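The values are calculated or read from the model by the stated rules, or taken from the named source; none is laboratory data. Just so we're clear, the structure is a prediction, and the values are computed from it rather than from any experiment. Here Cβ is always computed from backbone atoms with ideal geometry, including for glycine, and neighbour counts include all displayed protein chains.
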Amino acid sequence: MMPTRVCILLLIVTVGASLTHAQSSANLPAAPAPAAAQAASIRGVVVSKEGEVYEGVRIMLSSAGTVQSCQTSNAGEFVFEQVAPGPYTLTFASQGFKTQTVSGELSPGQALTLPNVVLGFKESVSEVRVSAESQELIADQQIHLEEQQRVLGLLPNYYVNYDRNPVPLTTKQKFKLAWHSNIDPFNWLMNAGFSGYQQATNSFKGYGQGMQGYGKRMGANTADGFFSDMIGGAILPSLFHQDPRYFYKGTGTIRSRIGYALANTVVCKGDNMRWQFDYSGILGGLAAGGISNLYYPDNERSDAVVTFEGAGIGLAGAAVQNLFQEFLIKKLTPHAGRQSTP
């Protein structure tokens with residue numbers, strides 16, 4: 001066994017060595033810690049194709065498994081701070097515009113300024129369904145415009161449609177248009193003047209002279225116009241589902257417009273807005289001519305042959321009238337125009 005002094009001496013040496021080692025270890029420099037990743041940033045401006053800035057565009061940033069979002073300022077600007085380096089995706093979205101996506105990769109500490117981000121309008125296809133009620137309202141608007149059409153501001157020009165998007169008339173509207181045409185004051189003045197001319201030339205001698213003769217002529221001319229408009233412009237068009245109006249073309253070559261005007265003497269648009277044979281106009285002319293025999297003087301009444309001849313003359317007159325409508329009347333009608341009723 002060691003002596004007690006030796007043991008104490010060894011213990012002192014051991015403790016001293018340990019303290020010296022610990023002190024020397026504490027004086028050594030610490031090992032460097034791993035460097036922290038430096039955050040990056042992204043900024044930019046959202047504009048239109050014309051360069052106008054867009055405010056309130058929503059932007060979503062996807063980076064390192066996280067998602068951030070912001071909106072553009074009133075100057076169209078946006079900024080994302082503290083973005084992790086690496087791949088990123090920006091998504092730009094706003095109502096009425098095409099969604100835009102921008103992708104890239106950020107370096108540590110990079111302050112990225114993107115080129116102007118351009119948003120284009122979204123292309124959408126709208127389906128417009130026109131109900132019977134709304135179609136009737138549109139037709140009412142068209143009739144209202146037609147009833148303001150007067151050649152040289154005087155002569156009514158009701159039965160011509162200048163609208164780019166015409167709609168068919170209801171039965172009620174066909175009768176309404178015919179009635180307004182008949183009660184137009186200028187038509188009464190024309191009948192009065194024509195009756196005076198017949199009185200002066202002693203046409204329809206069976207009516208006689210004086211106020212009684214003039215009244216009969218005035219009544220016959222008024223009846224002619226009434227039956228012609230009502231039968232050819234309302235009754236038969238309602239039965240055959242046809243439109244009694246002339247639809248102004250106004251475009252194309254002169255030759256095509258002449259052909260269009262002449263063809264409209266024997267064809268018309270149906271209520272389905274497709275072209276078809278004009279039963280209403282042709283039969284209406286024959287019917288009005290036949291009815292006139294009921295109130296014409298006996299010696300002035302026509303047989304069937306003369307009635308058909310009169311209808312033929314009426315078609316020729318309609319052809320001339322259509323040519324005037326296509327090339328001249330519009331220029332002389334102050335309120336005529338190619339309206340496009342919504």
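What to note about this one:
- As a summary of the residue check, Phe186 satisfies the conditions (1) in contact with a strand residue (DSSP E or B) (Cβ under 8 Å, 6 or more places away or on another chain); (2) surrounded by 14 or more Cβ atoms within 10 Å (Cβ to Cβ); (3) not polar (S, T, N, Q) except for the one numbered (2).
Matching residues to (1) touching a Cys at 6+ places or on another chain (Cβ under 6 Å); (2) surrounded by fewer than 20 Cβ atoms within 10 Å (Cβ to Cβ); (3) modelled with pLDDT under 85:
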{"residue": "Leu114", "(1), (2), (3)": "no, yes, no"}
{"residue": "Val125", "(1), (2), (3)": "no, yes, yes"}
{"residue": "Ile143", "(1), (2), (3)": "no, yes, no"}
{"residue": "Tyr162", "(1), (2), (3)": "no, no, no"}
{"residue": "Leu169", "(1), (2), (3)": "no, no, no"}
{"residue": "Ser181", "(1), (2), (3)": "no, no, no"}
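- Every pair of residues 6+ apart whose Cβ atoms lie under 6 Å, when the first sits in segment 89-111 and is more than 18 Å from Thr66 (Cα to Cα) and assigned by TED's automatic domain parsing to the domain that holds Val53 while the second is in a strand (DSSP E or B) and among the charged types (D, E, K, R): Ala93/Arg58
- Helices (runs of 4 or more DSSP H) lying entirely in segment 225-335 (those with 3 or more residues that are buried (at least 17 other Cβ atoms within 10 Å of the Cβ), among the small types (Gly, Ala, Ser) and in the same structural domain as Ser195 (by TED's automatic domain parsing)): 279-292, 304-324
- Filter result for Phe175 (part of a helix (DSSP H, G or I), among the aromatic types (Phe, Trp, Tyr) and surrounded by 16 or more Cβ atoms within 10 Å (Cβ to Cβ)): yes
- A count restricted to segment 54-88 and to residues that are of a type outside the set (Asp, Glu), touching a residue at least 24 places away in the same chain (Cβ under 8 Å) and either assigned to a strand (DSSP E or B) or not assigned by TED's automatic domain parsing to the domain that holds Ser103 (or both) stands at 13.
- All positions within segment 270-298 that are touching a strand residue (DSSP E or B) at 6+ places or on another chain (Cβ under 6 Å) and touching a residue at least 24 places away in the same chain (Cβ under 8 Å): Gly270, Gln276, Asp278, Ser280
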